[in-house]
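**Q** Pasting a structure here, questions to come.
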Amino acid sequence: MAIKIVNIELEFKFKSFLMIYKNMYIFATPNKLEMPKNRKLANAELPRLNVEEFVEAQKTPIIVVLDNVRSLNNIGSIFRTSDAFLIEKIYLCGITATPPHKDIHKTALGATETVAWEYAENCVEVVEKLQVENVKVISIEQAENAIFLNDFKPEKGTTYALVFGNEVRGVSQKVVNESDAVIEIPQYGTKHSLNIAVSAGVVLWDVFSKMKA
């Protein structure tokens, strides 16, 4: 007989229990019982913060600036990555779309409710504002005198704003001109071009891990 659960919270806990139970199944062999190797964890087993805990948590001193990012799926993905690494804030500049939007939500998966964000029409003005606040602004771009990501060493006590640009044109030259430095992701294939959401994931993880080291 099917069980009908009317309480939404109870239903979520019940489904989480079933997922954990399903992942903990035992393999039977003629001679022994054994647990699966490297059993996958269910979502309910992960040490995840709720929205209120995320807001109160100490943030990583990194700000993300999106300069005219076109794809809403990319925007959502960057929100999700920023949530993962407790990023301080995201600035959405120029044509970059803002939440709420179903296509942003599709990849953000609720991260627009946790990560602080602000829209600004002019990215250069955002850069100048952050510099006045003693934030070091770094454009992620291929440019003369760029520092390779693997050579970059963040300074303790410094907040960094990392600027990611348009899918086709990249970070605008005006923004690059105003930046304190430029970081380039070293690439060794034929394309020398990464999707912006991939670039953001690579750079944010690298800088986050170096700050935590």
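The values are calculated or read from the model by the stated rules, or taken from the named source; none is laboratory data. Keep in mind that what you see is a predicted model, and the values were worked out from it rather than measured. Every residue, glycine among them, receives a Cβ derived from its backbone with ideal geometry; neighbour counts consider all protein chains shown.
**Q** Would you kindly identify the strands (runs of 3 or more DSSP E) lying entirely within the stretch 128-213 that contain at least 1 residues that are at pLDDT 95 or above and under 21 Å from ALA97 (Cα atoms)? Show your work before the answer.
**A** Values: elements: 136-140, 160-164, 181-184.
Per the criteria, 136-140, 160-164.
**Q** Related question: Anything in the stretch 66-92 that is closer than 14 Å to GLU167 by Cα and in contact with a strand residue (DSSP E or B) (Cβ under 9 Å, 6 or more places away or on another chain)? List them, or say none.
**A** LEU66, ASP67, ASN68, VAL69, ARG70, ASN74, ILE75, ILE78, listed by residue number.
**Q** Looking at (1) among the basic types (Lys, Arg); (2) over 30 Å from GLU53 (Cα atoms); (3) not in a loop (DSSP other than H, G, I, E, B), which is the only condition LYS106 fails?
**A** Looking at each condition in turn, LYS106 falls short on (2).
**Q** What is the residue count in the stretch 111-127 for residues that are part of a helix (DSSP H, G or I), more than 17 Å from the chain's Cα centre (by Cα) and surrounded by 13 or more Cβ atoms within 10 Å (Cβ to Cβ)?
**A** Of the residues in the stretch 111-127, the ones part of a helix (DSSP H, G or I) are 111-113, 123-127.
From the residues that got through so far, the ones that are more than 17 Å from the chain's Cα centre (by Cα) too are 123-127.
With surrounded by 13 or more Cβ atoms within 10 Å (Cβ to Cβ) added as a condition, the list becomes 123-124, 126-127.
Residues in the stretch 111-127 being part of a helix (DSSP H, G or I), more than 17 Å from the chain's Cα centre (by Cα) and surrounded by 13 or more Cβ atoms within 10 Å (Cβ to Cβ): 4 in total.
**Q** Pull out all pairs, ordered by first then second residue, where Cβ-Cβ is under 9 Å, the residues are six or more apart or on different chains, the first lies in the stretch 161-190 and is over 23 Å from PRO61 (Cα atoms) and hydroxyl-bearing (Ser, Thr, Tyr), and the second is assigned to a loop (DSSP other than H, G, I, E, B) and at pLDDT 95 or above.
**A** Filtered contacts from the stretch 161-190: SER172/ASN68; SER172/GLY94; SER172/GLY165.
**Q** Collect the residues in the stretch 82-100 that are crowded, with 23+ Cβ neighbours inside 10 Å and polar (S, T, N, Q), keeping them in residue-number order.
**A** Passing the criteria: SER82, THR96.
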